[in-house]
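Asker: This is the structure, below, for whatever I ask next.
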Amino acid sequence: MHTHDPARQRQAGAILAVVLVMMVVLAFLGIGLLTLSNATGYEAGTDVSALQAFWTAEAGLEQVKAIGVKRNKPYSMIPQTGSPSGFLYGSNALVGTTSKGSYAVDVLNAPGWTNANQALKKYIVVSRATSGGGEKQRVSVRASILNFAYFMHATEEEGSLVFASDAVIDGPVYTNDRLNISGTPRFLQMVWSAASSVSYSGGGTAAVFEGGLTLNAPRLNFTNIDHIAEIRTVAMSGGLNLTGNYRFKFNSDGSFTYVSTVAGSPTNTGYLSSLNGGDGAIYVDGDAYVEGIVNGTVSLAAEDAIFLSNDVTYASAQSPDPWQTNTFNPDAVNDTLGLIARNQVQIRGTNEITIHAAVMVAEDGGGFNAQSYNVAFGRPPINLYGALSQYARGTIGQPSSGRGFSKNYKFDTRFNSQAPPNYPYGTYSFTQWDQDGY
């Protein structure tokens, strides 16, 4: 027989209540943990999706950069299937997909810069991407393609030649090789080298690079593209395309005469303004002998060599000339000349010579050199106003023995943004990478 115990009933009721409360608490805790788990999973999924969108955007950006470097042309000159403009330029210039999403890349003029009016092309490249999860990211980079005329000194190979204390280089310098510095030469503008170091001797230090020094720079494009052939293509369409060896004389009235070196050949006359609509291209399938006064704009390319025995100067830079720094105004010069040879540009004779031009030697055939550099004739100067690029540095003199020519070079500052027509491009530069909201 059971007896009624109120105390025991109250204790059982209290235990039941505690159990019920704990069950409710555990239920809410379980719901909370489930909610937190779902939220964490969603957040993780969102982060992964955003990361996928970021790398998809990067893929589009890197593809545009790689195409520019490989083709070595302004983006507006690189054909692109599927682009609304037909070129790798403009809105949605390149679209594509990866395994994680899709991208669309805009290649536009850099803000404040009009590419149509400049030889130096500047762009902003913006890549917009959407991941498979719907997240969006955008990355951008500033791009510019530098013309070979942009450099006072540019080389593929420096060899053992040294910049010594008597050298003052007043324009940009770019080399794919290691620079050799002895003493205290002065580099007044930016210097780029694809090498990882500089060779110093004779007390030389990095202080010589007054305009700054960049090592491990991208390589100049001397070798991947046939620059001479590209000018020939332009010359065949509205310019002047010649077979054989020719002598050219430019005249101050804007005309020029040219005659084959074959005995008895007639003398021909042309006008710079009639070549390629004024952006003239002349190609010679041989050697070219050049002199005179240039009134206009033209680039002359020779399949082999260009020989200079007499002055070749600009009509708009006669008096004052570029070395009269107190009175000379580079902005008043409106003539440009490009001299591009495959193997060599050679100074003939032993007299002082003045050259107004951007000079380029595209391959390793002697560089910019003097035929009589080993003759002791008082080291007359080569007065070069313009720019100089050469695959390998040629020899114009022997300073230690007092033989050959001396250098009196002055950079044409117009080439910071301008260049002779159809002049070859050297390299792309990419700066100011950025990531921002879509």
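Asker: Quick one: 3J(HN,Hα) in Hz for the stretch 154-160, Karplus 6.51/-1.76/1.60 with θ = phi - 60°, rounded, Gly and Pro as x.
Answerer: The phi angles translate into 9, 9, 7, 10, 8, x, 9 Hz.
Asker: So, counting K/R as plus one and D/E as minus one, what does the shell of residues with Cβ under 9 Å around residue 397 add up to?
Answerer: Combined, the nearby Lys, Arg, Asp and Glu give +3.
Asker: What is the distance in Å between the Cα centres of the stretch 216-246 and the stretch 129-188?
Answerer: After rounding, the separation between the Cα centres reads 22 Å.
Asker: Residue farthest toward the positive end of the dipole of the chain, with Cβ of Lys/Arg at +1 and Asp/Glu at -1: which of 259, 171, 398?
Answerer: 171
Asker: Would you tally the net charge around residue 258, using a Cβ to Cβ cut-off of less than 13 Å, leaving residue 258 out, and scoring K and R as +1, D and E as -1? Provide the component values of the computation, followed by the final result.
Answerer: Values: positive: 247, 249; negative: 287, 291.
That sum, taken over residues with Cβ under 13 Å, equals 0.
Asker: Tabulate in residue order the Karplus-calculated ³J(HN,Hα) for the stretch 277-284, using 6.51 cos²θ - 1.76 cosθ + 1.60 with θ = phi - 60°, rounded to whole Hz; enter x for Gly and Pro.
Answerer: Whole-Hz 3J(HN,Hα) from phi for the stretch 277-284: x, x, 9, x, 10, 10, 10, 10.
Asker: Assuming R0 = 51 Å, can you tell me the calculated FRET efficiency for the pair residue 257 and residue 99, based on Cβ-Cβ distance, to the nearest 0.05?
Answerer: 0.20
Asker: Right, another one. May I ask you to order 195-208, 90-103, 50-63 by the average number of other C-beta atoms within 10 Å around their residues, highest value first?
Answerer: Packing proxy ranking, top to bottom: 50-63, 90-103, 195-208.
Asker: Would you pull out the residues with amide H under 5 Å of residue 123's amide H, same chain only if 5 or more places away, H placed 1.01 Å from N?
Answerer: Those lying under 5 Å, H to H, from residue 123 are 110, 143, 144.
Asker: Check which residues have an amide H placed less than 5 Å from residue 406's amide H, if you skip close sequence neighbours.
Answerer: Counting only residues 5 or more places away or on other chains, the set is 382.
Asker: Something else now. Which residues does a label at residue 55 reach in the stretch 87-113, if reach means a backbone N under 13 Å from a point 7 Å past the Cα toward the Cβ?
Answerer: 98-101
Asker: With +1 on each Lys and Arg Cβ and -1 on each Asp and Glu Cβ, how big is the dipole of the chain about its Cα centre, in debye rounded to the nearest 20?
Answerer: 780
Asker: Calculate what fraction, in whole %, of the accessible area of the chain sits on carbon and sulfur atoms when a 1.4 Å probe is rolled over the protein chains.
Answerer: Carbon and sulfur together cover 52 percent of it.
Asker: Would you mind putting 278-291, 311-324 in packing order, based on average other-beta-carbon counts within 10 Å, highest first?
Answerer: 278-291, 311-324
Asker: Right, another one. Enumerate the calculated ³J(HN,Hα) couplings along the stretch 62-69 in order (Karplus 6.51 cos²θ - 1.76 cosθ + 1.60, θ = phi - 60°), each rounded to whole Hz, writing x wherever the residue is Gly or Pro.
Answerer: Along the stretch 62-69, the couplings run 5, 5, 5, 4, 5, 5, x, 5 Hz.
Asker: Something else about it: Report for the chain the percent antiparallel among DSSP-assigned beta bridges with both residues inside it, nearest 5.
Answerer: Working: 47 of 118 bridges.
Of those bridges, close to 40 percent are antiparallel.
Asker: What is the dipole size for the stretch 293-438, taken about its Cα centre, with +1 at each Lys and Arg Cβ and -1 at each Asp and Glu Cβ, in debye to the nearest 20?
Answerer: Working: 8 positive and 12 negative charges, 121 e Å.
Dipole size: approximately 580 debye.
Asker: Could you report the stretch 300-438's accessible area per residue, 1.4 Å probe, as an integer in Å²?
Answerer: So the stretch 300-438 comes to 39 Å² accessible per residue, rounded to a whole number.
Asker: Would you mind checking which residues have amide H under 5 Å from residue 189's amide H? H placed 1.01 Å from N; only 5 or more apart, or other chain.
Answerer: The answer is 171, 211.
Asker: Restricting to Cα atoms and excluding each atom paired with itself, what does the Kirkwood estimate give for the stretch 313-438 in Å?
Answerer: 16.3
The values are calculated or read from the model by the stated rules, or taken from the named source; none is laboratory data. Computed from a predicted structure; not experimentally measured. As a convention, Cβ positions derive from the backbone with ideal geometry for all residues, glycine included, and neighbour counts pool all protein chains shown. What goes into the accessible areas is simple: the full protein's heavy atoms, side chains included, and nothing from ligands, DNA or RNA. Shrake-Rupley method; radii C 1.70, N 1.55, O 1.52, S 1.80 Å.
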